[in-house]
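For reference, the structure is listed below as structure tokens.
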Amino acid sequence: MSTASFSGKLELFLLCLLLFVLPTMESPKTLALSLYVAVWLGRRASWPALARFRPDRIELALLAVLAAGVISTAVNWPFPDGSKGVLDVLRYVILFWCIYRAGYSEPQLRLAGYALALGVLTGLGYGVLEVMQGTRGQLEFHSAGVVTQSAIYLGMAAIAGIGFVVAGLQNRETPGRRLWFWITATIVMIIGLFAMGSRGAMMAFVGIVLLLLIVINQRRFWYAALVVLAVAAASVVVLPSSFNASRAWLKLEQTLTHKTMAPADLERAHVWRVALAHLQRGEHLWFGVGPKNFHSIDADAVPLPEPLRPAGFRLTHAHNMFLNKLVEEGIFGLAALLLFFGLVAAALIRGARAGGCHRWTWIAGVGALLMPAIAGSFNTPFQQEHAMLAMALMAMYLGPRRIPGARGAAG
């Protein structure tokens, strides 16, 4: 085996390893990402390659996202979390860039998809074990953030699984055994998503599935979606109470029957008011207060509602990824992120018009763009593991459509 062939296989192995360990193992994912980037650079980095480098619109937007994090950190230095926020941005930016520029073939991308699915299934199994042992009070991944972040991660993986199922049924690209693996794995992931009980993630997932059903426009997929969603919702009822899976329905029932907001909704609304009050001052409007420094804003800017006082109150993030970006990285940071998302959305729309909506990478790309955007509008910022997965999936769709050396070719 030649050195080039070995290094290519090693690079793909490290990417698959990263996707496998991402939701569950903390140290291995850091090591896998570092080695993946090192091998990737070792195979491609050279002065002639650097001299020929011409970023397209996607990459320019990506540079702006990274620049916003760097500038916001520098302007506000020092602050408690320091470089943690910008390093988080760097991780998901460089992961996107490596996959986007790698030129992976369809079989290589499918292999990465299998690694992602196996990692999620393993993470779900470990999460179930932790709940049964009493280590956690609800189903979530061991190392993909709290339940709201874990649910976004799982929702993206489930939509990627739907992509594999649709591609297999529509184009007959997938042999029978592999197709049944994806059908089974996707059903398990959807049940796991409902068991996590995150309202924002479930709402985002159902909305994306409806969008896909409308775009694909085939009756058999409508029937299948109704059956699977019904089974997933019903499965929540039979889960042991230790999973706390019905919390989303209880919050909805409380709001509808008592005409009052659930404590979590009341806290979210209060944090939005605090964030807006901070923005109205205009002190950090352009570059924000610094990545992962939301807690530094004035928590007393808006009077605390009486129901929140007995339990106490602590600022962590804005409970809205776009508002959080605006507070932490200012107008520059939010504009850069919206520009990047807009370019990805435009590429996905062009792909659908060209008849590519049955490809698994297109469906996975839709999920990677919309799942964090919709669910993140009610809770978690765009960061950590679910941001890395979103960027990886978007790059898997956009990368093969990039024309080397051509500006704006990602569509």
**Fill in**
Output ordering of 284-297, 7-20 (per-residue mean of other Cβ within 10 Å, highest first) is 284-297, 7-20
**Asked** Counting only the heavy atoms of the protein chains, how much of Arg178 is accessible to a 1.4 Å probe, in Å² to the nearest 10?
**Response** 130
**Request:** Select from the chain the helices, each a whole stretch of DSSP H, whose alpha-carbon atoms run 24 Å or more along the helix axis and whose Kyte-Doolittle mean is at least -1.0; answer none if there are none.
**Result:** 3-21, 26-44, 57-76, 84-102, 106-132, 147-171, 176-196, 199-216, 219-238, 263-281, 321-353
**Request:** Enumerate the calculated ³J(HN,Hα) couplings along the stretch 298-308 in order (Karplus 6.51 cos²θ - 1.76 cosθ + 1.60, θ = phi - 60°), each rounded to whole Hz, writing x wherever the residue is Gly or Pro.
**Result:** 6, 6, 9, 5, 10, x, 6, x, 4, x, 8
**Asked** Can you give the Rg to Rh ratio of the stretch 288-352, both from alpha-carbon atoms, with Rh computed by the Kirkwood formula?
**Response** 1.18
**Solvent-accessible surface (1.4 angstrom probe) belonging to Arg359, in square angstrom, nearest 10** = 90
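Which number do you get for Rg(Cα) / (2.2 N^0.38 Å) in the stretch 1-54? Before the final figure, lay out each step's value.
Working: Rg = 13.2 Å, N = 54, 2.2 N^0.38 = 10.0 Å.
So the Cα radius of gyration is 1.32 times the expected 2.2 N^0.38 Å.
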**Under the Debye formula (equal points on every Cα, no solvent term), log10 I(q)/I(0) of the stretch 74-226 at q = 0.08, 0.13, 0.21 Å⁻¹** = -0.30, -0.74, -1.36
**Request:** Determine the principal axes of the Cα atoms in the chain, then give the extent along each, sorted from largest to smallest and rounded to whole angstroms.
**Result:** 68, 52, 42
**Request:** Give the cross-link partners of Lys84 among the aspartates and glutamates, using a straight C-alpha distance below 19 Å as the criterion and excluding same-chain residues fewer than 8 apart.
**Result:** Glu26, Glu328, Glu329, Glu385
**By average C-beta atoms within 10 angstrom, highest first, the peptides 322-330, 115-123** = 322-330, 115-123
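Sort 183-190, 362-369, 374-381, 216-223 by the packing proxy (mean of other Cβ within 10 Å over each peptide's residues), most packed first. Let's see the in-between values first.
Values: 183-190: 19.9, 362-369: 27.1, 374-381: 23.8, 216-223: 12.4.
Descending mean neighbour count gives 362-369, 374-381, 183-190, 216-223.
The values are calculated or read from the model by the stated rules, or taken from the named source; none is laboratory data. Keep in mind that this is a model prediction, so the values were computed, not measured. Methodologically, a virtual Cβ is constructed for each residue, glycine included, from the backbone with ideal geometry; neighbour enumeration extends over all protein chains shown. Protein only, heavy atoms only, side chains kept; ligands, DNA and RNA dropped before computing areas. Shrake-Rupley method; radii C 1.70, N 1.55, O 1.52, S 1.80 Å.
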